[in-house]
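A quick write-up on the structure given underneath.
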Amino acid sequence: MGVFTYLFNFWCIAWLIIIFVALFPFIFACIKIKRLNRYGTKLTNIWADVFFLISGMPVQIEHRFKPDANNTYVFVANHFSYLDVAVGMKVVRNYFSYMGKSSVKNIPLLGYMFAKLHIQVDRSDKESRSKSMMRSKRALDTGRSLFIMPEGGIISHEIPKMHQPFKDGAFLLAIGSKVPIVPITFLNLYEIMPDKTIFWGLPKVIVHEPIDTSIYSKENLEELKTRVHEVIQNELDAYKNGN
């Protein structure tokens, strides 16, 4: 790792922590006061806004669809980089919860915030998966959107090809609660942060048109998964090929 990359990583990590620590007392208040819960998500949006500004990496978002802040969606994206979650906080402005790995709970302060504002799941534990699905269903039914990366982790061995098959959870939840799925393509985050090292770059994101799930059921679940996969993967392929 060159000197510039080393210093850039130190700069990014330092500011990521500084901004979070500065906002944490307000996030904590939002967690503790139920009527303020939704503002906890807004504060994580601010965290991402300030971080990407200070890091000199403004996120380039192509909105083929602008989500209505008052509507409920299931946002679904590819997952190739540790940067995906931070960019997701920048992109999704609805009141939402991530549905993600429970291992985040071990990180001081951040783990507490994630456990309270978002939905943790231990994919190796059947009971944890069941509880997470129930919490997610309640969230959707009360007007809270979800953000899920259905590959189930950074597990693709052929990036930028997404890992298949997708996990069912995001699609079952969207069908069950009759909310649209909004596909999101993270075009180049795996180039900016291919492992645990950040290289300077401009994150590029596409927010796609929503997919109406009211015409789907459990019986044609695979058809819905395939449709979402094609929307995201086609853009990844076009980007790779320079189109």
Which pairs do you get when a residue that is under 18 Å from Y6 (Cβ atoms), found in segment 178-207, comes within reach of a residue that is of a type in the set (S, T, Y), reach meaning Cβ atoms under 6 angstrom, with the pair 6+ apart or on two chains? M193/S81; M193/Y82
Criterion (in a helix (DSSP H, G or I), out of contact with any strand residue (DSSP E or B) (no Cβ under 7 Å at 6 or more places or on another chain) and modelled with pLDDT under 95) met by exactly one of A115, A48, A29, A69: A115
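So, of the residues in segment 192-243 that are outside any helix (DSSP H, G or I) and among the β-branched types (V, I, T), which turns out to be farthest from the chain's Cα centre (by Cα)?
Residues of segment 192-243 that are outside any helix (DSSP H, G or I), as a first pass: 193-217, 241-243.
Within this subset, residues satisfying the condition of being among the β-branched types (V, I, T) are 197-198, 205-207, 211, 213, 215.
On the way: T197: 19, I198: 18, V205: 12, I206: 13, V207: 12, I211: 18, T213: 20, I215: 25 Å.
Residue satisfying both the conditions and the ranking: I215.
Name every residue in segment 155-171 that is in contact with a helix residue (DSSP H, G or I) (Cβ under 8 Å, 6 or more places away or on another chain), closer than 19 Å to V85 by Cβ and either part of a loop (DSSP other than H, G, I, E, B) or of a type in the set (S, T, Y) (or both), in order of residue number. Please lay out each step first, then the result.
Step one: filter segment 155-171 for residues in contact with a helix residue (DSSP H, G or I) (Cβ under 8 Å, 6 or more places away or on another chain), giving 159-162, 164-166, 168-169, 171.
The next check asks that each one be closer than 19 Å to V85 by Cβ; those that pass are 159-160, 162, 166, 169.
Residues satisfying the conditions are I159, P160, M162, F166.
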Suppose the filter is at pLDDT 95 or above, of a type in the set (S, T, N, Q) and either assigned to a helix (DSSP H, G or I) or on the phi < 0 side of the Ramachandran plot (or both); does N37 pass it? no
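The values are calculated or read from the model by the stated rules, or taken from the named source; none is laboratory data. As the structure is a prediction and not an experimental result, all values here were calculated from the model. When we count neighbours, we look across all protein chains shown, and the Cβ atoms used for this are built from the backbone with ideal geometry, even at glycine.
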